[in-house]
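Participant: This is the structure, below, for whatever I ask next.
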């Protein structure tokens, strides 16, 4: 067996044309490379018994790639075929790599390898025609993006859909569809994003004019906004305070009503008593005991109302004091910000020099 730049031979009896391995008889003369730029190719007079270490190593690598291909590990097979091609250039290895990447659905990689394959002359016309058809189908799914930098613009890194691409690597092939190009500058925070929709078989040019200069920020702009007295905790305190005021007023009215009834029933009870024994033998309108019971009941209710109202009034007083203190604190903070704004200074250009403006 012999490995030539234009052909890879398999062991006798093997036929694996799907990955570029052909059956050849020992007496067939070795083929000479027809590929441009292939160095170290075997000459037409090389013998099939030639045991060039590169040939042996490339052949072993090719057979290992073939095993990966038949195991349907197409992406790994493509990489292995390219390693074989690097050791000893062979158009069979290059074609097999392109075909493997196509079956692995690594579209961009397959297009790249097919384009390398088309630089050489393949004497297998049927295979070349099939390769051209596959290549045309894949190109419908691949577009190119190119970037143009304005004069004097310096970028540290360019990311295309998250992948870092060197400036000299453009135009860059990617799958058709949305594309996001990120320009990263050398200064901290320099980052600009451009987006476009990439079509198959087309090149989209993105022109980058430069990074937008960030305007100096006012330190006061980063401070939290002033507290609105009608929102947040102060609003809750005010609502609770006025609710307490209402409950206290209602409690006072209740105390007055219950106290009045207690006093009324006590007077009625006392009027029906006969401490000087003058009422003995005289028919009383009604007994005095029920009036005493009613007077005591209303007196107890009045005492309870007084206690509850006093508690509500105390809580209301505390809430009012807290609300007033927060209001005073918020006013002080607002006054401080106002003073800071009034005394803010900045450097401005004045004539041939600089000045300070307030």
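The values are calculated or read from the model by the stated rules, or taken from the named source; none is laboratory data. Just so we're clear, the structure is a prediction, and the values are computed from it rather than from any experiment. So basically every Cβ, Gly included, is an ideal-geometry build from the backbone, and we count neighbours across all protein chains shown.
Participant: Within the set of pairs 6+ apart or on separate chains, which have a first residue in region 54-65 that is surrounded by fewer than 15 Cβ atoms within 10 Å (Cβ to Cβ), a second that is in a helix (DSSP H, G or I), and C-beta atoms under 6 Å apart?
Facilitator: Here the result reads 54/87, each pair linking region 54-65 to a residue that is in a helix (DSSP H, G or I).
Participant: Out of region 110-124, which residues are touching a residue at least 40 places away in the same chain (Cβ under 8 Å), assigned to a loop (DSSP other than H, G, I, E, B) and surrounded by fewer than 19 Cβ atoms within 10 Å (Cβ to Cβ)? Give the steps one after another, and end with the answer.
Facilitator: Keep residues of region 110-124 that are touching a residue at least 40 places away in the same chain (Cβ under 8 Å), which gives 111-112, 119-121, 123.
With assigned to a loop (DSSP other than H, G, I, E, B) added as a condition, the list becomes 119-121, 123.
Within region 110-124, 119, 121, 123 qualify.
Participant: Restricting the search to region 297-312, which residues are touching a residue at least 60 places away in the same chain (Cβ under 8 Å) and over 23 Å from residue 263 (Cβ atoms)? Give the steps one after another, and end with the answer.
Facilitator: The initial filter retains those residues of region 297-312 that are touching a residue at least 60 places away in the same chain (Cβ under 8 Å), namely 309, 312.
Across region 297-312, the qualifying residue is only 312.
Participant: Kindly indicate the residue of region 86-109 that is in contact with a strand residue (DSSP E or B) (Cβ under 9 Å, 6 or more places away or on another chain) and assigned to a helix (DSSP H, G or I) and also surrounded by the fewest Cβ atoms within 10 Å (Cβ to Cβ) among those meeting that condition. Quick ask: steps written out before the conclusion?
Facilitator: Keep residues of region 86-109 that are in contact with a strand residue (DSSP E or B) (Cβ under 9 Å, 6 or more places away or on another chain), which gives 88, 90-92, 96, 107-108.
Imposing the further condition that a residue be assigned to a helix (DSSP H, G or I) reduces the set to 91-92, 96, 107-108.
Values: 91: 28, 92: 26, 96: 30, 107: 20, 108: 16.
Among them, the one singled out is 108.
Participant: Would you check if there is a residue in region 43-56 being touching a helix residue (DSSP H, G or I) at 6+ places or on another chain (Cβ under 7 Å), more than 22 Å from residue 200 (Cβ to Cβ), at pLDDT 95 or above and not assigned by TED's automatic domain parsing to the domain that holds residue 173? Write out each step before concluding.
Facilitator: Initial filter on region 43-56 (touching a helix residue (DSSP H, G or I) at 6+ places or on another chain (Cβ under 7 Å)): 54.
Restricting the remaining residues to those that are more than 22 Å from residue 200 (Cβ to Cβ) gives 54.
Those left that are additionally at pLDDT 95 or above: none.
Among the residues of region 43-56, not one is touching a helix residue (DSSP H, G or I) at 6+ places or on another chain (Cβ under 7 Å), more than 22 Å from residue 200 (Cβ to Cβ), at pLDDT 95 or above and not assigned by TED's automatic domain parsing to the domain that holds residue 173, which makes the answer no.
Participant: Ok, one more. On the basis of being at positive phi and at pLDDT 55 or above, does residue 232 make the cut?
Facilitator: So residue 232 fits the description; yes.
Participant: Output the residues belonging to region 62-95 that are over 43 Å from the mean Cα position of the chain (by Cα) and over 20 Å from residue 114 (Cβ atoms). Reasoning before the result, please.
Facilitator: Start the filter on region 62-95 by keeping residues that are over 43 Å from the mean Cα position of the chain (by Cα), which leaves 62-63, 87-92.
63, 87, 88, listed by residue number.
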